[in-house]
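Novice: Just dropping this structure here.
The values are calculated or read from the model by the stated rules, or taken from the named source; none is laboratory data. Computed from a predicted model, the values in this text were never measured in an experiment. Glycine gets a Cβ as well: all are built from the backbone with ideal geometry, and neighbour counts include every protein chain shown. Surface accessibility is based on the protein's heavy atoms, side chains included, excluding ligands, DNA and RNA. Shrake-Rupley method; radii C 1.70, N 1.55, O 1.52, S 1.80 Å.
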Amino acid sequence: ELISFFKTDLAVEYIKEMEPDDAVDLLEELFERDEEKAGEIINALPKKEASDIRGLLSYEEDTAGAIMTTEYVSIPEELTVEAALKNIRKQSLPESEISFFIFITDNEKKLVGYITLRDLLVSDLKQKIKDIRNDYKIKLYANMDVTETVNIFRKYDLVVLPVVNAKEVLVGIITADDMVDVVVKEATEDIYKLSGTSEDAE
């Protein structure tokens, strides 16, 4: 309601400060109220942010793709540790604990593993990333139902999980705090049903 009253350039400044998944949630709500305003805001965003948000908006509701964020750190497996550290310095690091996990991709951007920031810092600078990386066998697919995503987090008790598309290309990550939001939402819906209360009474 507030964002719809802001001038486009001011709204853009707020959207730029938000996590991509949260910005998408807000813009989805705005699309329902004022499609033209939402479109203006997206078009006025910097190219990368606009592209990320359009990509996230393209996923169906209640899928892993719809709740993931595109803010993560990744490096190619062919780099040496020294080159990888330089590469990471150039990236815009997320301001959270997820920066501790660095995902590793091949030359086709497919997910092949991960390394922690700690392991990277204590490794020999001349070592290749592919020789010291860890396998990441647990992953989510962007079109996966959000309920299945919650169950995987519960089963493995992880802080962050990578999200890939049908071609195994890394497209985003989901963090445990995102899962908390989903669990609360689902529990709330269940309580509505049990009590015979409409969601409109929220």
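Novice: Please state, as a whole number in µm²/s, the translational diffusion coefficient that the Stokes-Einstein equation yields for the chain at 4 °C and 1.567 mPa s, with Rh defined as the Kirkwood radius across alpha carbon pairs.
Specialist: The diffusion coefficient I find is 70 µm²/s.
Novice: Quantify, in whole percent, the carbon and sulfur part of the accessible surface of the chain (1.4 Å probe; protein heavy atoms only).
Specialist: Whole-percent figure for carbon plus sulfur exposure: 49.
Novice: Which FRET efficiency, nearest 0.05, do K137 and T188 yield, Cβ-Cβ r, R0 35 Å?
Specialist: Calculated transfer efficiency: 0.60.
Novice: Compute, for the chain, the length of the dipole vector about the Cα centre, with Cβ point charges of +1 (Lys, Arg) and -1 (Asp, Glu) only. Units Debye, rounded to 20.
Specialist: In total the dipole reaches around 1460 debye.
Novice: Okay, moving on. Can you work out the accessible area per residue across the chain, with the rest of the protein chains kept in place, probe 1.4 Å, in square angstrom?
Specialist: 61
Novice: Moving on. Could you work out the longest stretch of the chain that avoids the trypsin sites (Lys or Arg not before Pro) located in DSSP loops with at most 12 other Cβ atoms within 10 Å?
Specialist: Of all site-free stretches, the longest is 8-125.
Novice: Now for a different question. Between E78 and R54, what is 0.36 nm times their sequence separation minus the Cα-Cα distance? Round to one decimal in nm.
Specialist: Stretched out fully, the E78 to R54 stretch lengthens by 5.6 nm.
Novice: List the residues of the stretch 103-136 whose backbone N lies under 15 Å from a point placed 7 Å from the Cα of Q91 along the Cα-to-Cβ direction.
Specialist: Backbone N within reach: 103-121, 129-130, 133-134, 136.
Novice: Next up: Tell me what the chain gives for mean residue ellipticity at 222 nm when only DSSP H runs of n ≥ 4 count, each as -39,500 (n - 2.57), the sum divided by the residue total, rounded to 500 deg cm²/dmol.
Specialist: Value at 222 nm, helices only: -14500 deg cm²/dmol.
Novice: Taking the full set of protein chains and a 1.4 angstrom probe, give the accessible area of Y14 in square angstrom, rounded to the nearest 10.
Specialist: 120
Novice: For the stretch 109-200, take N as its residue count and report Rg(C-alpha) divided by 2.2 N^0.38 Å.
Specialist: So the Cα radius of gyration is 1.46 times the expected 2.2 N^0.38 Å.
Novice: Among L79, L30, L125, what's the order by accessible area (1.4 angstrom probe), most exposed first?
Specialist: Ranking L79, L30, L125 by accessible area, largest first, yields L125, L79, L30.
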